[in-house]
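The values are calculated or read from the model by the stated rules, or taken from the named source; none is laboratory data. The structure presented is a predicted model; accordingly, all values stated were derived computationally and were not measured. When we count neighbours, we look across all protein chains shown, and the Cβ atoms used for this are built from the backbone with ideal geometry, even at glycine.
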Amino acid sequence: MAIPIKLEVFEGPLDLLLHLIDKNKVDIYDIPIVEITEQYLDYIKQMQTEDMNVVSEFLVMAATLIDIKCRMLLPKEVNEEGEEEDPRAELVEKLLEYKMCKYMSYELRDRMIDAERNFYKIPTLPREVADYRQPVDYEELIGDMTLHKLHEIFRQVMKRQEDKIDPVRSTFGNIEKDEIDMDLKTTYVEAYVRSHKTFSFRRLLEKQSSKMEVIVTFLVILEMIKVGRIGIEQEDIFADIIITTKEAESREPLQLTSVG
């Protein structure tokens with residue numbers, strides 16, 4: 001008759017490895033891989049579970065241990081820096097990380113248990129005591145402060161605020177979009193040309209109320225020069241430009257792209 005053996009339940013293969021290391025009292029940085037692998041495989045043989053996901057995790061770790069065991073029998077590999085690589089290094093890193101997380105979970109569990117033992121009493125202070133506020137002694141609060149000192153503090157505060165102002169960007173204004181109706185402006189210029197026959201270009205521009213209107217008016221004049229409706233004269237470089245309406249004026253409407 002077989003003697004039933006009750007095995008300890010572990011949360012995973014890393015939990016089992018930590019148990020074996022603690023049980024054998026060995027250094028986690030210098031794991032006797034042969035001994036630990038044999039004990040690990042013994043536990044796998046005695047496992048009784050129908051959950052294939054759990055079994056597969058333990059089998060993957062068993063294969064890893066066997067692989068490390070085989071690599072330790074071979075000549076040690078050397079990395080790019082000329083140092084010998086320990087086949088157990090990656091496993092040790094995983095064990096240390098798992099051990100830290102496990103102990104942190106114990107700490108959180110203990111804190112949760114301690115928190116359940118805390119009790120709080122509902123405040124029972126009389127209303128007049130709860131509403132009491134200690135009176136302020138303004139003379140003690142002001143102390144040796146004088147009007148001159150207050151003025152000096154105010155001046156320093158205002159100076160710090162002025163120092164924060166960017167001398168360049170602070171002068172920038174808001175850029176607003178200036179909508180101009182091209183058709184109305186074209187009609188206006190054409191009517192002005194027909195009524196004045198000969199006129200100063202500067203005088204025409206001075207009648208415009210914004211920079212955008214000046215630009216649009218200039219474009220209309222250029223278009224009228226292009227189609228031959230008007231002619232221009234200028235005695236020298238800085239002289240005023242004189243615009244004259246031509247006799248054979250075209251009556252076809254000007255076509256300009258909207259500007260806005």
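Filtering region 224-232 for residues that are in a helix (DSSP H, G or I), surrounded by 13 or more Cβ atoms within 10 Å (Cβ to Cβ) and touching a helix residue (DSSP H, G or I) at 6+ places or on another chain (Cβ under 8 Å) leaves a non-empty set. One residue alone among 156, 161 is over 30 Å from residue 22 (Cα atoms), under 41 Å from the mean Cα position of the chain (by Cα) and either among the charged types (D, E, K, R) or modelled with pLDDT under 75 (or both), and that residue is 161. Of all residues in region 25-69, those satisfying the criterion of being closer than 19 Å to residue 87 by Cβ and polar (S, T, N, Q) are 37, 39, 64. Residues in region 122-140 that are under 47 Å from the mean Cα position of the chain (by Cα) and of a type in the set (Phe, Trp, Tyr): 1 in all. Considering region 122-141, the residues that are among the acidic types (Asp, Glu) and assigned to a loop (DSSP other than H, G, I, E, B) include one that is modelled with the highest pLDDT, namely 131. Checking 199, 218 one by one, the residue that is at pLDDT 85 or above and part of a strand (DSSP E or B) is 199 and no other. In summary, helices (runs of 4 or more DSSP H) completely within region 14-121 and bearing 1 or more residues that are within 44 Å of the chain's Cα centre (by Cα) occur at 52-73, 89-115.
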